[in-house]
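For reference, the structure discussed in these notes is given below.
What follows draws every value from the coordinates through simple rules; no lab data is involved. Since the model is a prediction, treat every value here as computed from it, not as a measurement. Neighbour counts run over all protein chains shown; Cβ positions are idealised from the backbone, glycine included.
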Amino acid sequence: MSLELDERQRAMLQEMGVRVWSPAPLSARTGELSPEPARQVKAAAAEAAAPGKPVVSERPAAPVGKTVQQTAAPVPTTAQPLPADIAAMDWDALRQAVASCQACGLCESRKNTVFGTGDTQARWLVVGEAPGENEDLQGEPFVGTAGQLLDNMLKAVGLRRDGTGEQGVYIANVLKCRPPANRNPQPDEVAQCEPYLRRQVELQQPQIILALGRFAAQSLLQTTVPDVARIPLGKLRGQVHSYQGVPVVVSYHPAYLLRTPQDKAKAWADLCLALDVMQRGEAASA
Ligand code: SF4
């Protein structure tokens with residue numbers, strides 16, 4: 001995949017509300033691409049990583065009339081060994097285990113578990129926080145308008161949730177069941193459910209993970225970033241983290257971007273950073 005955008009990708013970015021730079025002109029004398037697009041991506045990434053930026057909560061909006069805890073729920077700080085039964089599961093066994101799981105109280109209010117979707121052998125893994133109302137109803141992550149925005153963002157870098165191979169992506173959440181009224185995940189719920197995601201990563205072996213939203217980032221980085229629960233998402237962006245040896249790039253949750261469209265350009269910079277990490281990884285292994 002390349003950062004050179006075709007007309008379809010440019011149209012998608014414009015639909016997202018992301019300002020698209022001018023087509024990279026070829027130098028009349030050398031035939032080389034203008035460095036301007038790469039410079040703009042780097043500038044956007046640097047701007048995203050700048051300290052002292054005001055940070056706005058990226059939580060999905062709570063339903064009207066509902067009271068939702070707004071503070072970050074601390075997550076466990078040490079990784080427990082993967083339970084032996086989960087460590088031995090293949091995709092089918094893992095899916096069945098999640099479908100019948102009653103390890104935390106969220107099983108009581110869920111309509112469906114939301115295991116994940118996409119190509120299980122894809123090089124990209126997108127990790128969100130937890131199912132919302134629509135996801136709970138449909139049993140699939142990132143549906144509705146936030147899902148459409150995510151799909152458009154992924155398409156802009158050549159990825160499709162129904163694609164395979166180079167175009168494939170797998171999409172999952174940290175929690176497989178919906179917290180009632182979109183409340184924040186609780187530490188015990190994250191602790192109980194995280195082994196499923198860890199096994200998904202083991203089975204998929206992605207080359208890049210895109211963590212969307214504060215709780216996804218906290219869950220993935222709890223053992224590699226000290227005191228991660230106290231670090232605003234904005235300060236986790238613009239750098240490459242690690243989860244089980246897989247590079248992790250942090251970005252905003254699409255639901256937040258729907259409410260804060262001015263940050264879509266930062267999300268695009270995050271995607272470009274992830275794409276750059278992928279390409280550098282490919283070049284290193286070639
Ligand atoms: S959220 Fe996870 S741990 Fe809790 S019941 Fe659902 S699948 Fe099990």
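Below is a table of values for the structure above.
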quantity	calculated
Residues located in region 173-207, provided they are within 16 Å of the chain's Cα centre (by Cα), more than 15 Å from the ligand (Cβ to nearest atom) and not in a loop (DSSP other than H, G, I, E, B)	V201, Q204
Helices (runs of 4 or more DSSP H) wholly inside region 208-262 that include at least 2 residues being of a type outside the set (D, E, K, R) and in contact with a strand residue (DSSP E or B) (Cβ under 6 Å, 6 or more places away or on another chain)	214-221
Test for G118: is it within 22 Å of P206 (Cβ to Cβ), in contact with a Lys or Arg (Cβ under 6 Å, 6 or more places away or on another chain), touching a residue at least 40 places away in the same chain (Cβ under 8 Å) and among the small types (G, A, S)	yes
Cβ-Cβ under 9 Å pairs, at least 6 apart or on other chains, region 207-230 side basic (K, R), far side crowded, with 24+ Cβ neighbours inside 10 Å and in a loop (DSSP other than H, G, I, E, B)	R214/E58; R214/E129; R214/H253
Top-ranked residue in region 134-151 [being assigned to a helix (DSSP H, G or I) and in contact with an Asp or Glu (Cβ under 9 Å, 6 or more places away or on another chain); ranked as nearest to T113 (Cα to Cα)]	N134
Search result, residues across region 152-162 that are in contact with a Gly (Cβ under 8 Å, 6 or more places away or on another chain) and assigned to a loop (DSSP other than H, G, I, E, B)	L159, R161, D162
Test: V126 is more than 16 Å from the ligand (Cβ to nearest atom), under 24 Å from K264 (Cβ atoms), crowded, with 22+ Cβ neighbours inside 10 Å and not basic (K, R)	yes
So A99, is it within 22 Å of S219 (Cβ to Cβ), without any contact (Cβ under 8 Å) to a residue 40 or more places away in the chain, of a type in the set (A, V, I, L, M) and within 12 Å of the ligand (Cβ to nearest atom)	yes
Test: residue in region 151-172 that is within 15 Å of the ligand (Cβ to nearest atom) and under 25 Å from L257 (Cβ atoms)	yes
